[in-house]
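Student: For reference, the structure I am asking about is given below.
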Amino acid sequence: MERWPALELASTIRHDGDGGVADDLATVEDATRWIRAQEGLLPPHVRAADLTADEELRQTIIELRRAVRALFARAVSPAPPSPADAQRLMPAEEALARLNTSAARELIAPQLEWPREGTPATRLLTAQDDPHTALVAALARAAVDFLSGPHREQLRACTAPRCVRYFVKSHGRQEWCKASCGNRARAARHYRRHRVAPEGGSAPS
């Protein structure tokens, strides 16, 4: 299954399986685990597997996440945003400014590498020696690429009860981010159709 760093960041807020919302960036230790899980999704010079978060980095990533989720809400409009954001969305202009400022924290230049017997490849040249700054900038650039690319048109907020995820729609009738959400949504619809009214009659559908 294809993974996108921007979607991975947005999905650090998720349904906890018990009716609430979990935050994968809730502590410094949580943030470190999440960062290291992004190894391979980010440019090679961002050695995510070796990074350890501190509180400043955790808060910076959380603010970037707020911006990304606000722009995801704008992307799915006029459909409703994730219920986790509905009451506290960052204004779109503020979100754009935060995303662009974060992306600009690292100046990079693409360099062409072309071995005599190999195929051309791109390497990113950077003068940034702070790995935390490089990480945040890479996450922001990934969000810029996602939101300006073709996958934005397929972005959706999952409509299953209690789910707070965004997902990329992979087929024509997809309404939910995963099968378990579809099962929960169908069960909720069935309950609404067949629940018994207080007087003993069926409630209207």
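The values are calculated or read from the model by the stated rules, or taken from the named source; none is laboratory data. Because the structure is predicted, anything quoted here is derived from the model rather than measured. Every residue, glycine among them, receives a Cβ derived from its backbone with ideal geometry; neighbour counts consider all protein chains shown. Heads up: the accessible areas ignore ligands, DNA and RNA and are worked out on the full protein's heavy atoms, side chains in. Shrake-Rupley method; radii C 1.70, N 1.55, O 1.52, S 1.80 Å.
Student: Taking the Cα centre of the chain as origin, sum charge times position over the Cβ atoms of Lys and Arg (+1) and Asp and Glu (-1), and report the length of that vector in debye to the nearest 20.
Tutor: Numbers: 29 positive and 26 negative charges, 267 e Å.
The calculated dipole for the chain is roughly 1280 debye.
Student: Hey, if you put +1 on the Cβ of every Lys and Arg and -1 on every Asp and Glu Cβ in the stretch 1-79, which of 37, 71, 13 ends up farthest toward the positive end of that dipole?
Tutor: Final value for the positive-end residue is 71.
Student: So what's the angle, to the nearest 10 degrees on a 0 to 90 scale, between helix 179-194 and the longest Cα principal axis of the chain?
Tutor: The helix 179-194 is inclined about 20 degrees to the chain.
Student: So for the pair residue 145, residue 173, with labels modelled 7 Å out along Cα→Cβ, what separation do we get in nm?
Tutor: For the pair residue 145/residue 173, the computed spacing is 3.4 nm.
Student: Also: Pull up all non-local amide H partners of residue 124: gap of 5 or more, or a different chain, and H-to-H distance under 5 Å with H placed in the peptide plane.
Tutor: Those lying under 5 Å, H to H, from residue 124 are 111.
Student: Note down the nm distance, to one decimal, between modelled labels 7 Å out along Cα→Cβ at residue 76 and at residue 41.
Tutor: Label at residue 76, label at residue 41, 1.7 nm between them.
Student: Hey, if we sort 163, 177 by accessible area with the 1.4 Å probe, largest down, what's the order? Walk me through the numbers on the way to the answer.
Tutor: Working: 163 5, 177 35 Å².
Solvent-accessible surface, decreasing: 177, 163.
Student: Rounded to the nearest 0.05, what FRET efficiency do residue 112 and residue 49 give with R0 = 35 Å and r taken as the Cβ-Cβ distance? Could you check?
Tutor: Numbers: r = 26 Å, r/R0 = 0.76.
Result of the calculation: an efficiency of 0.85.
Student: Are there GluC sites (Glu not before Pro) in the stretch 1-64 that DSSP puts in a loop and that have at most 11 other Cβ atoms within 10 Å, and which ones?
Tutor: Passing sites in the stretch 1-64 are 2.
Student: Separate question: Amide H neighbours of residue 21 under 5 Å, counting only residues 5+ apart in sequence or on other chains, H built in-plane at 1.01 Å?
Tutor: The answer is 16.
Student: Here is a follow-up. Where a ≥ b ≥ c are the square roots of the eigenvalues of the C-alpha gyration tensor, would you call the stretch 1-58 rounded, which needs a/c under 1.5, or, failing that, prolate if a/b is larger than b/c, or oblate? Walk me through the intermediate numbers first.
Tutor: Numbers: a/c = 2.71, a/b = 1.34, b/c = 2.03.
It comes out oblate by the Cα gyration axes.
Student: Restrict the search to the stretch 32-66; then list the trypsin sites (Lys or Arg not before Pro) that DSSP places in a loop and that have at most 16 other Cβ atoms within 10 Å of their Cβ. Don't skip to the answer; put the middle values down first.
Tutor: Working: sites: 33, 36, 47, 58, 65, 66; in loops: 47.
Passing both the DSSP loop test and the Cβ count: 47.
Student: Okay, moving on. Using θ = phi - 60° and the Karplus curve 6.51 cos²θ - 1.76 cosθ + 1.60, what whole-Hz ³J(HN,Hα) does each residue of the stretch 78-95 get, with Gly and Pro shown as x?
Tutor: So the J values, rounded to whole Hz, are x, 5, x, x, 4, x, 5, 10, 3, 9, 8, 6, 5, x, 4, 5, 5, 5.
Student: Then there's this: At R0 = 30 Å, how high is the FRET efficiency between residue 92 and residue 129 if r is their beta carbon distance? Nearest 0.05 is fine.
Tutor: Working: r = 33 Å, r/R0 = 1.11.
The pair residue 92/residue 129 has a calculated efficiency of 0.35.
Student: If you fit an axis through the alpha-carbon atoms of helix 55-76 and take the longest principal axis of the Cα set of the chain, what angle between them do you get, 0 to 90°, nearest 10?
Tutor: Between the helix axis and the principal axis of the chain, the angle is about 60 degrees.
Student: Using only Cα atoms and rounding to the nearest 10 degrees, what angle (0 to 90) does helix 28-37 make with the longest principal axis of the chain?
Tutor: Taking Cα atoms only, the helix is inclined about 70 degrees.
Student: Would you calculate, for the chain, the mean residue ellipticity at 222 nm contributed by helices, counting each DSSP H stretch of 4 or more residues as -39,500 (n - 2.57) and dividing by all residues, to the nearest 500?
Tutor: Values: 6 runs with 83 residues, N = 205.
Helix-only estimate at 222 nm: -13000 deg cm²/dmol.
Student: From the square roots a ≥ b ≥ c of the eigenvalues of the alpha-carbon gyration tensor of the stretch 71-125, which class results: rounded (a/c under 1.5), prolate (a/b over b/c), or oblate? Can you show the working numbers first?
Tutor: Values: a/c = 5.32, a/b = 2.52, b/c = 2.11.
Prolate shape, in that a/c is at least 1.5 and a/b is the bigger ratio.
Student: Another question about this same structure. Once you sort the root eigenvalues of the Cα gyration tensor of the chain as a ≥ b ≥ c, which label holds: rounded (a/c under 1.5), prolate (a/b larger than b/c) or oblate (the other case)?
Tutor: Details: a/c = 2.40, a/b = 2.02, b/c = 1.18.
In terms of gyration-tensor shape, prolate.
Student: Sort by residue number and report every cysteine in the chain with no other cysteine beta carbon within a distance under 4.7 Å.
Tutor: Cysteines lacking a close Cβ partner in the chain: 181.
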